[in-house]
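Notes for the one structure printed next.
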Amino acid sequence: MSTEVFLNEFAEISEHPYRILSQYKKEGKKVIGVLPYYAPAELVVAAGMVPMGIWGSNKKTIAHAKEYCATFYCTIAQLALEMLLDGTLDQLDGLITPTICDTLRPMSQNFRVAMEGKLPCIFLAHPQQRKPAFGLQFTMDQYQHIKTELEKIAGKTITDDDLRAAIKVMNKNRAARRAFVQLANEHCDVISAVKRSAVLRAAWFMEPAAYAEKLEALNAELAKLPAADWKGKKIVTSGIICDNPKLLQIFDDNKIAIAADDVAQESRAFRVDASEEGDPMMALAQQFADQDYDILLYDEHSEQNRRADFVVDKIKKSGAQGLVLFMQQFCDPEEMEYPYLKKALDAAGIPHIKLGVDQQMRDFGQASTAIQAFADVL
Ligand code: SF4
């Protein structure tokens, strides 16, 4: 298959995730909704079910969810609930609700109350202190709870061998995404900002093994192409999510390529693999402990501003000239971390802009002006 055919397929899935959800159901598969962040998809795969990421929606309007949510909740959380209430996600067999931020914690209870008797909602509390032995034990206990609940839905026991096989699948899936991000930078003439986002977004909706296989095939095609002779600009993106094709089209229109990202829905989600050796539950707990440089996670070395330095280093290594921060409205963790990121970027002489975004954004005029002006200073 040609590069273009692969890209069209990923775009179709990214644009219409509910079609693929229906397809899985027709095939007799059980599908588990997985809210952000850091839910162990491996456990869903090990149970023989399909994990389906739920990251809100750029197309829907918040209506029903207003009854349950404070107005200052981010739109990602509100639209996730909206899709559960308006029937979009009726075909799910269960839902995992992590509680990593101050919005998701109360939202997990809203999901539970709103879905009472209709959909099993599996609560997941990650520990603040994820690295010491007691933190690892806490994570394992939480994952054990998820495993038990998933077993009830799947009607099967998850063995250690099932879990080891699932870890292999997810490691392969993450490796393919890491390779793609690198290739997208080298071939940014072919992989536009819109296409890059669609490929990475599709990962949340496809069966992980099938996605890895398709992406490996696309990567092989990309590797055959000559490196781009790119005359435009390059940036690194940062934030929780930047998957709105209309917003990304502005980057393509201004010849701005995405060299790398520090985005929760993209690279932050596939940086770290789990060990394929030893106790698989411990391997998953250790994988979560090994996640670093994320504003959502406690950093015992926070006085060193390691996350900001990590982002600066990423910009330098990727050959980008600046950073675009997609700041989700009402996202406290991102807002609170911004001064530290700005300080590091300013110290390194790296230009950046902060774009306020949410999933109810319909008018891109202001963003377009800001991005155009930013392209001129790069
Ligand atoms: S966007 Fe921010 S506030 Fe909303 S769920 Fe994510 S981390 Fe929490």
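Can you tell me which of (1) in contact with a strand residue (DSSP E or B) (Cβ under 6 Å, 6 or more places away or on another chain); (2) free of Cβ contacts under 8 Å to residues at least 24 places away in the same chain; (3) not hydrophobic (A, V, I, L, M, F, W, C) is the one K234 doesn't meet? All conditions are met except number (2). Suppose the filter is hydroxyl-bearing (S, T, Y), away from the ligand (no atom under 16 Å from the Cβ) and surrounded by 17 or more Cβ atoms within 10 Å (Cβ to Cβ); does S275 pass it? No: the conditions fail for S275. The lone criterion from (1) under 23 Å from the mean Cα position of the chain (by Cα); (2) away from the ligand (no atom under 16 Å from the Cβ); (3) not in a loop (DSSP other than H, G, I, E, B) left unmet by Q137 is number (1).
Against the list (1) farther than 24 Å from L378 by Cα; (2) modelled with pLDDT of 95 or more; (3) surrounded by fewer than 19 Cβ atoms within 10 Å (Cβ to Cβ), the condition L284 fails is (3). Filtering the range 295-326 to residues that are touching a residue at least 60 places away in the same chain (Cβ under 8 Å), crowded, with 17+ Cβ neighbours inside 10 Å and within 16 Å of the ligand (Cβ to nearest atom) leaves L296, L297, L325, F326. For the range 154-204, residues that are over 17 Å from the mean Cα position of the chain (by Cα), farther than 22 Å from M282 by Cβ and among the β-branched types (V, I, T) total 2.
Candidates in the range 89-113 are the residues that are surrounded by fewer than 18 Cβ atoms within 10 Å (Cβ to Cβ) and more than 23 Å from G48 (Cβ to Cβ); of these, the one that is nearest to the ligand (Cβ to nearest atom) is D102. If you filter the range 70-84 down to residues that are more than 16 Å from the chain's Cα centre (by Cα) and within 11 Å of the ligand (Cβ to nearest atom), you find that the one that is surrounded by the fewest Cβ atoms within 10 Å (Cβ to Cβ) is F72.
Within the range 332-377, being within 16 Å of the ligand (Cβ to nearest atom), assigned to a helix (DSSP H, G or I) and over 19 Å from the mean Cα position of the chain (by Cα) holds for M336, Y338, L341.
The values are calculated or read from the model by the stated rules, or taken from the named source; none is laboratory data. Computed from a predicted model, the values in this text were never measured in an experiment. In this analysis, Cβ positions are derived from the backbone assuming ideal geometry, glycine residues included, and neighbour counts consider all displayed protein chains.
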